[in-house]
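The structure is given below, and queries will be raised subsequently.
The values are calculated or read from the model by the stated rules, or taken from the named source; none is laboratory data. This is a predicted model, so every value here is computed, not measured. With ideal geometry, Cβ positions are generated from the backbone for all residues, glycine too; neighbour counts draw on all protein chains shown. Only protein heavy atoms, including side chains, enter the accessible area calculation; ligands, DNA and RNA are left aside. Shrake-Rupley method; radii C 1.70, N 1.55, O 1.52, S 1.80 Å.
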Amino acid sequence: MAATAAAAPGKNPFSQGREKAAAAAAKTTAKPATAPKNTGVAPKPAEVQTATPARVSTGLWGRLFYGDGAKFSGALTFNSGLKDQRVSIPTGQDSVDQSNRVNQMMLLSLQYSPFSYWFANVTFRMPVREVNKYSPDFRYSFGYDDWHPNTFSLVYGNYGDNRFFPTSNNRRTYPEQGSWTFAYKFSLPKAVEKHLLIQKGDAMTCQVGTTWVPRFYSLQDNDRLRNKHVLLGGCGYSFVQHYFIRFTAFYYPDSSQQQPWDADYTYSFGYSAYKPGTFSIQYNNYSGTRYPWHKDSNANFREGTVSLIYYIPF
């Protein structure tokens, strides 16, 4: 969860950042359930069973999976904005269609987790309207990410303008503009947590971390600069195992590195069963939200996106 990769040459950086922001949603895949052994002991009542840890996302926009289930995972997502915005869709090597519309995308996400919590993830994106060979793009990430409390993670994510058929003078991808995020997840002390949890069975997990972006686009300089650093902290709260809320705040040690599309904070909420063959519905706001005391303050709920996700059963 940290800074965005820069926009590719020839693209409007602000629109690019908002496109990247709309691309994500944090999702997970759970281990298949097994039949309990007959021990002769009655199971615990649901209200006193140990709560499943709440899951928080290490990547800026989150990942679709956490690598704690099968080696191969997949999800199909319909993603929609909540209001008209300026959308740019390449129609040729040197042509772009720009219009005000509700930005809607179809996403296919695939992940390979060879062992433990190591993973490699790729998400293919295609607009619902005006589909041509230049319009699809992709996002990718890899690293180690254990969602349990008291664990570390190191994740590389590239959410920039990665094109199968790049337009003139552009590369297919820009690896140096991806972000490296190192984070630590933890549970709050019981003395604090008991005052925050609404009911038994709920759970909360928090994390702190830092992100480094080797190269990033600066709107003020109209150029690509080096070494953006961002600090982050946030928590995830789960209600009765499936309903969740997540919030993450960001701090830029060098405030000049924060771009209009770099958020002060992000948040999401929704429902997920965390199982292949099930659906999830989520709201995510990863736009350039600002605190009220900032001169460019904004917290427009309609800047967020709604995602309907189907976890593919392999």
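Residues are listed down the side, and each one gets a yes or a no for (1) touching a residue at least 24 places away in the same chain (Cβ under 8 Å); (2) part of a strand (DSSP E or B); (3) closer than 21 Å to Gly236 by Cβ; (4) of a type outside the set (A, V, I, L, M, F, W, C):
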{"residue": "Lys83", "(1), (2), (3), (4)": "yes, yes, no, yes"}
{"residue": "Ser88", "(1), (2), (3), (4)": "yes, yes, no, yes"}
{"residue": "Asp97", "(1), (2), (3), (4)": "yes, yes, no, yes"}
{"residue": "Arg101", "(1), (2), (3), (4)": "yes, yes, no, yes"}
{"residue": "Leu108", "(1), (2), (3), (4)": "yes, yes, no, no"}
{"residue": "Tyr134", "(1), (2), (3), (4)": "yes, no, no, yes"}
{"residue": "Phe138", "(1), (2), (3), (4)": "yes, yes, no, no"}
{"residue": "Arg172", "(1), (2), (3), (4)": "no, no, no, yes"}
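Any chance you could count how many residues in region 140-157 are crowded, with 22+ Cβ neighbours inside 10 Å and part of a strand (DSSP E or B)? Let's see the steps before the verdict.
Keep residues of region 140-157 that are crowded, with 22+ Cβ neighbours inside 10 Å, which gives 141, 145, 147, 153, 155, 157.
Checking the rest, the ones that are also part of a strand (DSSP E or B) come to 141, 145, 153, 155, 157.
Of the residues in that region, 5 qualify.
Something else: Can you tell me which residue is most open to solvent (accessible area, probe 1.4 Å) among those in region 262-296 that are farther than 20 Å from Leu231 by Cα and part of a loop (DSSP other than H, G, I, E, B)?
Going through region 262-296, the residues farther than 20 Å from Leu231 by Cα turn out to be 269-284, 295-296.
Restricting the remaining residues to those that are part of a loop (DSSP other than H, G, I, E, B) gives 273-278, 295-296.
Details: Ala273: 18, Tyr274: 24, Lys275: 109, Pro276: 63, Gly277: 38, Thr278: 34, Lys295: 208, Asp296: 78 Å².
Looking at the filtered set, the residue picked out is Lys295.
Might you let me know whether region 192-206 holds any residue that is assigned to a strand (DSSP E or B), of a type in the set (Val, Ile, Thr), buried (at least 18 other Cβ atoms within 10 Å of the Cβ) and more than 15 Å from the chain's Cα centre (by Cα)? Quick ask: steps written out before the conclusion?
Initial filter on region 192-206 (assigned to a strand (DSSP E or B)): 203-206.
Now restrict to residues that are of a type in the set (Val, Ile, Thr): 205.
Within this subset, residues satisfying the condition of being buried (at least 18 other Cβ atoms within 10 Å of the Cβ) are 205.
From what is left, the residues that are more than 15 Å from the chain's Cα centre (by Cα) are 205.
Yes, region 192-206 contains a residue that is assigned to a strand (DSSP E or B), of a type in the set (Val, Ile, Thr), buried (at least 18 other Cβ atoms within 10 Å of the Cβ) and more than 15 Å from the chain's Cα centre (by Cα).
Search region 220-241 for residues being touching a Gly at 6+ places or on another chain (Cβ under 9 Å) and outside any strand (DSSP E or B), and hand back the single one that is modelled with the lowest pLDDT.
Gln241
Can you tell me which residue among Lys71, Lys83 is surrounded by fewer than 17 Cβ atoms within 10 Å (Cβ to Cβ), more than 30 Å from Ser187 (Cβ to Cβ) and among the basic types (Lys, Arg)?
Values: Lys71 fails: more than 30 Å from Ser187 (Cβ to Cβ).
Step by step, each of Lys71, Lys83 is checked, and only Lys83 is surrounded by fewer than 17 Cβ atoms within 10 Å (Cβ to Cβ), more than 30 Å from Ser187 (Cβ to Cβ) and among the basic types (Lys, Arg).
Being within 12 Å of Trp180 (Cβ to Cβ) and touching a Leu at 6+ places or on another chain (Cβ under 6 Å) is the filter; apply it to region 208-235 and report the residue that is surrounded by the most Cβ atoms within 10 Å (Cβ to Cβ).
Filtering first and then ranking leaves Gly209.
Let me ask something additional. Cβ-Cβ under 7 Å, sequence separation 6+ or interchain: first residue in region 257-280 and more than 27 Å from Ile312 (Cα to Cα), partner open to solvent by 40 Å² or more (accessible area, probe 1.4 Å) and of a type in the set (Val, Ile, Thr). Which pairs?
Close Cβ pairs (under 7 Å, with a partner that is open to solvent by 40 Å² or more (accessible area, probe 1.4 Å) and of a type in the set (Val, Ile, Thr)) do not exist here.
Could you list all residues from region 297-314 that are open to solvent by 60 Å² or more (accessible area, probe 1.4 Å), part of a loop (DSSP other than H, G, I, E, B) and either touching a residue at least 40 places away in the same chain (Cβ under 8 Å) or in contact with a Phe, Trp or Tyr (Cβ under 7 Å, 6 or more places away or on another chain) (or both)?
Passing the criteria: only Phe314.
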